[in-house]
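The values are calculated or read from the model by the stated rules, or taken from the named source; none is laboratory data. Just so it is clear, the model here is predicted, and its values are computed rather than measured. Glycine gets a Cβ as well: all are built from the backbone with ideal geometry, and neighbour counts include every protein chain shown. All accessible areas refer to the heavy atoms of the entire protein, side chains included, with ligands and DNA or RNA removed. Shrake-Rupley method; radii C 1.70, N 1.55, O 1.52, S 1.80 Å.
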Amino acid sequence: QVQLVESGGGMVQAGGSLRLSCAASESIFSINAMGWYRQAPGKQRELVASLTSGGWRNYGDFAKGRFTISRDITKNTVYLQMNSLEPEDTAVYYCNAHKQHYDYWGQGTQVTVSS
């Protein structure tokens, strides 16, 4: 079972930046893909960005050009750098690990962007 610990959420003004971190309990090379999802009140959870063990990245349309997913294999940690944040980015952000046929989730971290 993969355990995920997130950090880095908070409140920021529109146009600002935040970096989220997700530390995994095992080597991220043993995990098929890691990523970030978000869920705003009354909306479905949606993909923000993902990164496979092979290094392939995928982004939600709203994230392209503003958000960047990266990793530090020495720390078993995946990051989400978010720039040019907008009020519409306000949501709970969840770290995800997809390993074999299972999905594991972090506890979520709140991101609030004020106008």
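Taking a quarter of the surface of the convex hull around the Cα atoms of the stretch 62-115, what do you get in nm²?
4.8 nm²
With charges set only on the Cβ (+1 for Lys and Arg, -1 for Asp and Glu), what does the dipole of the chain come to about its Cα centre, in debye to the nearest 20?
The dipole of the chain has a size of about 140 debye.
Please work out the ratio of the alpha-carbon Rg of the chain to 2.2 N^0.38 Å and round it to two decimals.
Rounded to two decimals, the normalised Rg is 0.99.
Straight-line reach from Lys43: which aspartates and glutamates have a Cα under 13 Å away, not including same-chain ones fewer than 8 places off?
Glu88, Asp89
If you roll a 1.4 angstrom probe over the protein chains with everything in place, what fraction of the accessible area of the stretch 18-115 belongs to carbon and sulfur, to the nearest %?
Percent of accessible area from carbon and sulfur atoms in the stretch 18-115: 47.
In straight Cα distance, which aspartates and glutamates are under 16 Å from Lys99, not counting same-chain residues fewer than 8 positions off?
Straight-distance partners of Lys99: Glu26.
Normalised by the residues of the chain, what does the relative contact order come to in percent, with Cα pairs under 8 Å and at least six apart?
RCO, the chain: 36 percent.
With every protein chain present, what is the per residue accessible area of the chain (1.4 Å probe, Å²)?
The answer is 53 Å² per residue.
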